[in-house]
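Novice: This is the structure I have questions about; it appears just below.
The values are calculated or read from the model by the stated rules, or taken from the named source; none is laboratory data. Quick caveat: nothing in here was measured; it's all calculated off a predicted structure. So basically every Cβ, Gly included, is an ideal-geometry build from the backbone, and we count neighbours across all protein chains shown. Areas reflect the complete protein model, heavy atoms only, side chains present, ligands, DNA and RNA absent. Shrake-Rupley method; radii C 1.70, N 1.55, O 1.52, S 1.80 Å.
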Amino acid sequence: MSELVSIFRSTEPVGDVVFVHGLGGDAYQTWGFADSSCWRECISVARPDLNIWSLNYRVAPSEWAAGAMPLSDRAINVLALLDIRLSEDRPIIFICHSLGGLLVKELLRNALTTTPKYRRLASNVKLIVFFSTPHTGSSVADL
């Protein structure tokens, strides 16, 4: 299952930043949230009016490790979670690594086309930052 981990909670939030890890990552290690010097420090000091979240979901680097659900199913699962946890009408920023970027693109596609009840959430997304997201596929996937 997916989990939205609270990294920093603003007393008067005007927006939400959601970090989304990629293959083999997790909500803490990928972004350095287990360390004292990380994104949390930079953002919470510069913008104490933003909530910081990190999405935790299981995604193994190969099918041999099992336990991962298909991207389209995961997107619907994460949409439902975000709809509950980010119920306020505030701007949302996604910061994504690798497969996390593909997941965010898929959840937005679903929110706008196949699952209309999530359109509110999609309309709140104001920025997406992609780090090493294979937008056109990856030769590693052929292995």
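Novice: Taking 7 Å along the Cα-to-C-beta vector as the label spot, tell me the R119-V14 distance in nanometres, rounded to one decimal.
Specialist: According to this spin-label approximation, the distance is 2.8 nm.
Novice: While we're looking at this one, here's another question. Here are some values of Cα Rg over 2.2 N^0.38 Å: (i) 1.20; (ii) 1.25; (iii) 1.03. Which one was computed from this structure?
Specialist: Given (i) 1.20; (ii) 1.25; (iii) 1.03, the structure-derived one carries the label (iii).
Novice: Given R₀ = 25 Å, FRET efficiency for T136-S72 by Cβ-Cβ distance, to 0.05?
Specialist: After rounding to 0.05, the efficiency reads 0.85.
Novice: Oh, and also: Under a point spin-label approximation (7 Å from Cα along Cα-to-Cβ), what is the L127-R109 distance to one decimal in nm?
Specialist: Once both label points are built, they end up 2.5 nm from each other.
Novice: If you don't mind, another one. Of L81, C38, C96, whose Cα points farthest to the positive end of the dipole of the chain (charges on the beta-carbon: +1 Lys, Arg; -1 Asp, Glu; origin at the Cα centre)?
Specialist: L81
Novice: Hey, what's the chain come to in accessible area per residue, 1.4 Å probe, Å²?
Specialist: 54
Novice: Assigning unit charges at the beta carbon (Lys, Arg +1; Asp, Glu -1) and nothing else, what dipole magnitude in debye, to the nearest 20, does the chain show about its Cα centre?
Specialist: Its charge dipole is roughly 360 debye.
Novice: In the chain, carbon and sulfur make up what percent of the accessible area (probe 1.4 Å)?
Specialist: Accessible surface attributable to carbon and sulfur in the chain totals 56 percent.
Novice: Report the gain in length on full extension from R58 to L23: 0.36 nm times residue separation, minus Cα-Cα distance, nm rounded to one decimal.
Specialist: 11.7 nm
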